[in-house]
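Shown next, in structure tokens, is the structure this report addresses.
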Amino acid sequence: MASYCLDKRRRQRHHACMQTTEPTFAIDVADVSKTYQGSKKSPPKHALKNISLQVPRGSIFGLLGPNGAGKSTLINILGGLVRITSGSARVYGYDVVTQKRQARSAIGLVPQELNLDAFFTPLQVLELMAGFYGVPKAKRRSMELLQAVGLHDKANAYARTLSGGMRRRLMVAKALVHAPPVLVLDEPTAGVDVELRRMLWAYVRHLNAQGTTVLLTTHYLEEAQELCQQIAIINHGQVVANDTTANLLRRVDSKEIVLKVEPEIRSLPETLVMHGFRVDDARTLRLSYQPSVMKLGHVFLAVQAAGFTITDVSTRESDLEDIFLQLTRKAA
Ligand code: ADP
Ligand code: MG
């Protein structure tokens, strides 16, 4: 996946014809609510409740949340696919309701579902999309895009003969035909194999390095942790956390420590049980503790007072998974 000057060139073109000043926030969501109308059988669904969110231009921003949290609803509002109930949202400075056309041309959306027409070839798919966006023929770079996502040798194959991973890549290329400054990916790697996932992330990083702002939702916390500078966690249609990845991780007040001890542990002394120690095996003690409450010195003293010598220590920092569970459990 390499096409190293394509994106920059196209972005400059975009800027030249669309906008002279660049917005601080590539995405600016203010107090957005969405209620899906119910039917006789189902009551109305409040999918988003007064969500506010700002994605700095040039960043890779992660949107996390359990199933049904409202991630796709928010993303589809940005892409003009779902109508806002109240509040406002801007993409690259353009209001998605009052400046719909400009907002749409500023965003490339890769939806959660793979909706490709089976009877078109990848090349046709990209050409049709470019036509839809009004990209003049001379300015189209369909083959370059296919090359960039590693599908150039499939340019003329029918979409129905493509594997799931290839379709996913085609969807990414399709979202980029108009060289949008903002790329939004809704769970692009759900159910995708490890190799393709790595490839997609490398391409996302490359696009970002060229200036594209990226908003993505993912179930893979590890990936969000690795890829995103900032993360918002939403649950039940509300933002429950929104911070830099580093700050989020710092907020998790929980660490784990594993101690190798001598002599063998025959039964765990009551004082250690009270501290919350668990026995892993005859020579290993494990403890989850809150650094803000319990100091390591006290932990060591308690172990020594119980008659053990500590021969080795290892600790584990909490990761995003811990904070995700903490936050979504709390808000449930
Ligand atoms: P996520 O992408 O985080 O899994 P969604 O935005 O898809 O969440 O859904 C949020 C909530 O809105 C869920 O409860 C879902 O069932 C509901 N929902 C989504 N789309 C519709 C729709 N078209 N009509 C009614 N309810 C919907
Ligand atoms: Mg979704």
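Could you please put 158, 92 in sequence from largest to smallest accessible area, using a 1.4 Å probe? Mind showing how you got there, number by number?
Numbers: 158 105, 92 5 Å².
Sorted descending by solvent-accessible area, the residues read 158, 92.
In this structure, residue 300 and residue 262 have a Cβ-Cβ separation that, at R0 = 22 Å, corresponds to a calculated FRET efficiency of about 0.95. Here the spin labels are modelled as points 7 Å beyond Cα on the Cα-Cβ line, and at residue 40 and residue 250 they lie 5.7 nm apart.
Can you work out the accessible area per residue across the range 4-249, with the rest of the protein chains kept in place, probe 1.4 Å, in square angstrom? Intermediate values should be presented prior to the final figure.
Numbers: 11180 Å² over 246 residues.
For the range 4-249, the solvent-accessible area averages 45 Å² per residue.
On a 0 to 90° scale, report how tilted helix 6-18 is relative to the longest principal axis of the chain, with both axes built from alpha carbons and the result rounded to the nearest 10. That works out to roughly 60 degrees. Between residue 86 and residue 24, the C-beta separation translates, for a Förster distance of 30 Å, into a calculated FRET efficiency of about 0.80. Panel note: the C-alpha atoms of the range 253-318, placed on their principal axes, show extents of 31, 19, 16 Å (largest first).
Once Rh for the chain is found with the Kirkwood sum over Cα pairs, what is the Stokes-Einstein diffusion coefficient at 10 °C and 1.306 mPa s, in µm²/s? Translational diffusion coefficient: 71 µm²/s.
Tell me which aspartates and glutamates have Cα within less than 16 Å of residue 295's Cα, excluding those fewer than 8 residues away on the same chain? Straight-line reach from residue 295, under 16 Å: 253, 256, 317.
Students sometimes get this wrong: rank 40, 139, 174 by accessible area, probe 1.4 Å, all chains present, largest first. Mind dumping the intermediate values first?
Values: 40 215, 139 90, 174 45 Å².
Sorted by accessible area, descending: 40, 139, 174.
Please find the FRET efficiency linking residue 281 to residue 161, where r is the Cβ-Cβ separation and R0 is fixed at 56 Å, and quote it to the nearest 0.05. In this case the efficiency is close to 0.60.
Can you send over the carbon and sulfur percentage of the accessible area for the chain, probe radius 1.4 Å, protein chains only?
Values: 8370 of 16450 Å².
The value for the chain is 51 percent carbon and sulfur by accessible area.
Relative to the longest principal axis of the chain, what angle (0 to 90°, nearest 10) does the C-alpha long axis of helix 296-305 take? Helix 296-305 sits at roughly 30 degrees to that axis. Shape class of the range 137-212 from the alpha-carbon gyration tensor: oblate, with a/c at 1.5 or above and b/c at least as large as a/b.
Could you work out how much longer the chain between residue 190 and residue 206 gets when fully extended? Use 0.36 nm per residue separation minus the Cα distance between them, nm to one decimal. Don't skip to the answer; put the middle values down first.
Values: separation 16, 0.36 × 16 = 5.76 nm, distance 2.05 nm.
Length difference between fully extended and current span is 3.7 nm.
Suppose we look only past 21 Å in the calculated P(r) of the range 197-332. What percent of the Cα-Cα pairs does that tail hold? Please list the in-between numbers first.
Working: 5096 of 9180 pairs.
Tail of P(r) above 21 Å: 56 percent of Cα pairs.
Using heavy-atom solvent-accessible surface (probe 1.4 Å) with all chains present, what is the largest-first order of 264, 187, 222? Walk me through the numbers before you get to the answer.
On the way: 264 90, 187 10, 222 145 Å².
Reading off the accessible areas and sorting them downward yields 222, 264, 187.
Helices in the chain, meaning DSSP H runs of at least 4 residues, each add -39500 (n - 2.57). Divided by all residues, the mean residue ellipticity at 222 nm is -10000 deg cm²/dmol.
Potential lengthening of the chain between residue 274 and residue 315 amounts to 12.8 nm, from the contour at 0.36 nm per residue minus the alpha-carbon distance. Output the pairs from 45/100; 49/100; 45/71; 49/174; 71/255 with a Cα-Cα distance over 20 Å in this structure; if there are none, say none. Among 45/100; 49/100; 45/71; 49/174; 71/255, the Cα-Cα distance tops 20 Å for 45/100; 49/100; 49/174; 71/255.
The values are calculated or read from the model by the stated rules, or taken from the named source; none is laboratory data. Source: prediction; values computed, not measured. Using ideal geometry, Cβ is built from the backbone for each residue, glycine included, and neighbour counts are taken over all protein chains shown. The area values use the complete protein model at the heavy-atom level, side chains included, leaving out ligands, DNA and RNA. Shrake-Rupley method; radii C 1.70, N 1.55, O 1.52, S 1.80 Å.
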